[in-house]
Structures are given as structure tokens and as C-alpha cells.
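First comes the structure, then the notes that go with it.
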Amino acid sequence: MAFVDEAKIKVSGGSGGDGSVAFHREPYKPKGGPDGGDGGDGGSVILRADRSVGTLLELRDHPHVAADRGGHGEGKRRNGARARDRIVLVPPGTAVHEEDGTLVADLANEADEFVAARGGRGGRGNVRFATATRRAPAFADKGEPGQEAWLKLELRLLADVGLVGFPNAGKSTLIARISAAKPKIADYPFTTLEPNLGVVQTGDTSFVVADIPGLVPGASEGRGLGHRFLKHVSRAALLLFLVDPTAQDRDCAKDVAVLRNELAAFDPALAERPCLVVLTKSDAAEDEIELLRETYPDAIAISSVSGHGLDELLRRVVAAVEKERAEAPPRRGYVRHISRPEALQVTSEGGAWRVRWTNAERAVAMTNLDNEEAVTRLQHQLISMGVEKALLGAGAKPGDEVRIGGEAFDFEPEAPDEDGLDDAS
Ligand SMILES: Nc1nc2c(ncn2[C@@H]2O[C@H](COP(=O)(O)OP(=O)(O)OP(=O)(O)O)[C@@H](O)[C@H]2O)c(=O)[nH]1
Ligand SMILES: [Mg+2]
């Protein structure tokens, strides 16, 4: 399966169901009271980190995610059904950005959740609008529209151990030998084009190894491929620097210094990470390895072909991973709850007035504009919210066009009255 580490998705919460306009009917009783029930709430779109998912492929191919709308209310005070939330599984390590790049959630651990688009509230049925002076309200709320947003998801693999090395150093061969990963292996550079993850099981400990494309000098300026994938090892507890003693085109004694430079240019913290130097292909390069020992006295020599040195390598890796796990607190994923203070705004727009304010837009969206009573109530709501005052303050004149959300109205200002219709709830 292809590895996909970025996806842009559109999430849409379900709208609330409409409230019902209904009147009680019973044989021989001519005038029943209102009994229209409320609409149900719409479902929310929720992103949840789950280990059963390894890539963002599915979301990249199906970027539109919508939750169902709530059921409509009905007569006899029957409320509409609440829609179920739509749960979208993403790999642990998925970071969520808004369109402008703001990081809003980091779903780092299993079961971390983020409400990506809230469903709309159900509209109230006409039974809820009955008062002493308005016994037979012939209107109800429409359901509130669900939230919508474009989000950018970015996957940072949660590798415990990152394999870092020049192209052809033997990274993929090593991961294939110690885990069930089956990467492509070949005797030319840049064989690996996408990161491979492998789970290594040794005794009671299992850990995740990431094999990323080879780094070359200048990778941090965009040369080669490896740099783009360095983020996948940015959370690794341990880095293995793989040095290929058989390389002919360079001085291998300088490999680790060059690799470390490239890491530092990407993220200085990465260059400070605990690391082990691994001299590869020991079956084919005994003499060269002896020479390299002067530069890398603590290095482990291995052969992924003969198996030489692999037990010792795994022992040292497990010790480092366990030490890191014992010391490090569980990684904190987080969800930011952003509340953007929002002011009522009136601007002129092509000969009309545009009102921008979520509260007013929601009130309009929830009003059935074909119903005169409902429109009267909306007008009183807008007055008590201060919309009329703001329009007058901006210079609106009677008869001017006023746009709120997707609707347009004629401006007919009136002073707030006391007939009990004001309820801006
Ligand atoms: N003799 C010998 N050859 C090896 C060993 N490990 C890897 N090789 C060979 O080295 C070549 C490169 O191996 P890869 O595992 O593809 O190297 P890589 O580091 O993943 O390379 P890129 O993906 O291009 O960065 C292949 O021809 C392997 O067969 C080893 O332990 N002994
Ligand atoms: Mg490779």
C-alpha cells in the first residue's frame, strides 16, 4: 500500500433537523394547541487516532467527510432523531492544521480525538414558542447548519528508532532483516523513495523503526529526497547512523559529521538525539571496518546478509529505547480550543449592507423565511442583538438591502417593542 503522509480534507458537520409546526388534533375538539416537536442535533465529524490505520491514503482519495443531519421534528411532540457522529480514524501522529496553517490538534496517542466539524443544533418545534399571548405559533426553527472547514492533515510517524544514512548504506536491507517490512532493495542510490516502517519484536519489547530515503550533503537545501522525510524521525528516541565502509565515492570517516550537519539544519534538536554508529556490510569489508574503528571507536559492525552483529545491535537499541521510555513522560498530544472573539461587523457591499456575525447568521439560517410570523420573530431577535442599531450607525436607510449569510432583506427599522416576541435565545 502506498504511503501517504499528507491530505487536505473538507469536513462538514450535519445540520440540525428542522423543528415541526403541528397542531394537536382530536375528534370533536376543533382547536388543538401546538404540538410540533424539535429537530434532532446533526452529527459531528470527529478525527480519532487509531493504530489500525497506517496512512492518510484513504482520506487523500476521499477528502470529503460529512456527518448526517438530524431528524426533523414531527407532530405529537415527537422530536427528531439525533444523528450519529462520523468518526474518522487517522494514524496516531497525525497533526491537524486549519487552512491558514494554524495547528489545532496533534493526535499523538492512541484514541486522541478532535472534533473537526460540529453538527448543528436541532431547531425548536412550534410547541416551544407558545406563550400566554401567542397560543398558536405557526412557525418553528429550522435546524442550525453544521460547521464546515478545510483541514490539512500531516502524519508524523511515531518511530522509536530512525535509520539515517547516505543512499545505498544498507538501511532498507537492515529493516527487512530485523522486521517484517518488505522495502525495495537495490545496489543503486535512492532506491527508497518513501519511508518504510517496521515493527521489531525482541523478547518483551517491541519498537518501531523508520527507514527513510538516503540523505546527501546539501539535503537541507533540498538536494535528494531524504530531507522531506526527516520529520518522520523527528520524534525518534534513538538514531542509527549507518556508514557503508564499501562506499568508493567519499571518505566514510566523514559520513557521520555530514549526516549530523544535515540533521542540524533541519532541526537542531535532532542532531542532539541519542545515536549509535553502525558500520554495515561487515561480510564484505573487514579491512575497511578496522580502519574506520579509529574514527568510530563505539561503532557496531553488522552484516544484514550474514547476520553478524545484529544481536548486539538489537540489545543496544532495546536498552536505549527502554531507557527513553522510562524517562520520557507519555507524549502529549493536544487539541486547541480556539475561541475567536468576534465583533458584529457592518460593511457596504455592492450597494447593499453586509452584516457579518455568527450569531446573526445563525439566527437567519434557522428561520423559515416563508413564514411571516417567523420573520417577525427574526426581526425582533436582530433588534435585540443590536443588528438594527449597528446598521443605523453605519448609515443604512429604510429600503436599503441588507445581506446576512446567504439571505437578503429590505431594511425596515423599527423601535423595539414590548409585545413579548423578543427572545434572542
Ligand atoms: N554484502 C552486503 N551487502 C549489503 C548489506 N546490506 C545491504 N547490502 C547491499 O547494499 C545495497 C544497498 O542496500 P539498500 O538496503 O537498498 O540501501 P539503502 O540505504 O536503503 O539505500 P537507499 O534506499 O538508496 O538510500 C544493496 O545492493 C544491498 O544488497 C550487507 O550487510 N552485506
Ligand atoms: Mg533504501
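The values are calculated or read from the model by the stated rules, or taken from the named source; none is laboratory data. The structure presented is a predicted model; accordingly, all values stated were derived computationally and were not measured. Virtual Cβ from ideal backbone geometry, glycine too; neighbours counted across all protein chains shown.
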Task: Residues within region 153-171 that are more than 21 Å from ASN261 (Cα to Cα) and part of a strand (DSSP E or B), tallied - done: 3
- [ ] Test VAL53 against the stated conditions and say whether it is within 23 Å of the chain's Cα centre (by Cα), among the aliphatic types (A, V, I, L, M), crowded, with 23+ Cβ neighbours inside 10 Å and closer than 22 Å to ALA66 by Cα.
- [x] no
- [ ] Taking the options GLY146, GLY198, GLY125, name whichever one is surrounded by 22 or more Cβ atoms within 10 Å (Cβ to Cβ), in the same structural domain as LEU263 (by TED's automatic domain parsing), over 28 Å from ASP251 (Cβ atoms) and more than 12 Å from ligand 1 (Cβ to nearest atom).
- [x] GLY198
Open item on the list: Tell me whether region 82-92 contains one or more residues that are part of a loop (DSSP other than H, G, I, E, B) and closer than 30 Å to PRO137 by Cβ.
Closed with: yes
Task: Residues located in region 117-129, provided they are within 30 Å of VAL65 (Cβ to Cβ) and not in a loop (DSSP other than H, G, I, E, B) - done: ALA117
TODO: Filter region 172-194 down to the residues that are more than 31 Å from the chain's Cα centre (by Cα) and outside any loop (DSSP other than H, G, I, E, B), then identify the one that is farthest from ligand 1 (Cβ to nearest atom).
DONE: ILE178
TODO: From the list ARG69, ARG48, ARG60, pick out the single residue that is of a type in the set (Lys, Arg) and at pLDDT below 95.
DONE: ARG60
Open item on the list: Quick check on my filter: what residues within region 231-273 are surrounded by fewer than 16 Cβ atoms within 10 Å (Cβ to Cβ), under 32 Å from the mean Cα position of the chain (by Cα) and acidic (Asp, Glu)?
Closed with: ASP267, GLU272
Open item on the list: Scan region 263-274 and tell me whether some residue there is over 22 Å from ARG228 (Cβ atoms) and out of contact with any Gly (no Cβ under 8 Å at 6 or more places or on another chain).
Closed with: yes
Open item on the list: Given the criteria surrounded by 22 or more Cβ atoms within 10 Å (Cβ to Cβ) and more than 19 Å from ALA159 (Cβ to Cβ), does LEU279 qualify?
Closed with: yes
TODO: Determine if region 16-30 includes at least one residue that is touching a Phe, Trp or Tyr at 6+ places or on another chain (Cβ under 9 Å), assigned to a strand (DSSP E or B) and modelled with pLDDT under 95.
DONE: no
Task: Within region 100-116, tally of residues that are assigned to a loop (DSSP other than H, G, I, E, B) and crowded, with 17+ Cβ neighbours inside 10 Å - done: 2
Open item on the list: Out of ARG69, ARG60, I need the residue that is more than 21 Å from PRO195 (Cα to Cα) and either in a strand (DSSP E or B) or touching a residue at least 40 places away in the same chain (Cβ under 8 Å) (or both). Which one?
Closed with: ARG69
Open item on the list: Please pick out the residue among GLY218, GLY214, GLY224 that is at pLDDT below 80, near ligand 1 (Cβ under 10 Å from one of its atoms) and assigned by TED's automatic domain parsing to the domain that holds THR280.
Closed with: GLY224
Task: GLY70 more than 30 Å from ALA136 (Cβ to Cβ), among the small types (Gly, Ala, Ser), crowded, with 24+ Cβ neighbours inside 10 Å and in the same structural domain as ALA132 (by TED's automatic domain parsing) - done: no
- [ ] For residues that are under 36 Å from the mean Cα position of the chain (by Cα) and in contact (Cβ under 8 Å) with a residue 24 or more places away in the chain, scanning just region 370-385, find the one that is surrounded by the most Cβ atoms within 10 Å (Cβ to Cβ).
- [x] GLN381
Task: Residue in region 130-143 that is outside any loop (DSSP other than H, G, I, E, B), more than 16 Å from ligand 2 (Cβ to nearest atom), touching a strand residue (DSSP E or B) at 6+ places or on another chain (Cβ under 7 Å) and small (Gly, Ala, Ser) present - done: no
Task: Which numbered condition VAL90 fails, given (1) over 24 Å from LEU197 (Cβ atoms); (2) in contact with a helix residue (DSSP H, G or I) (Cβ under 9 Å, 6 or more places away or on another chain); (3) at pLDDT below 95 - done: (1)
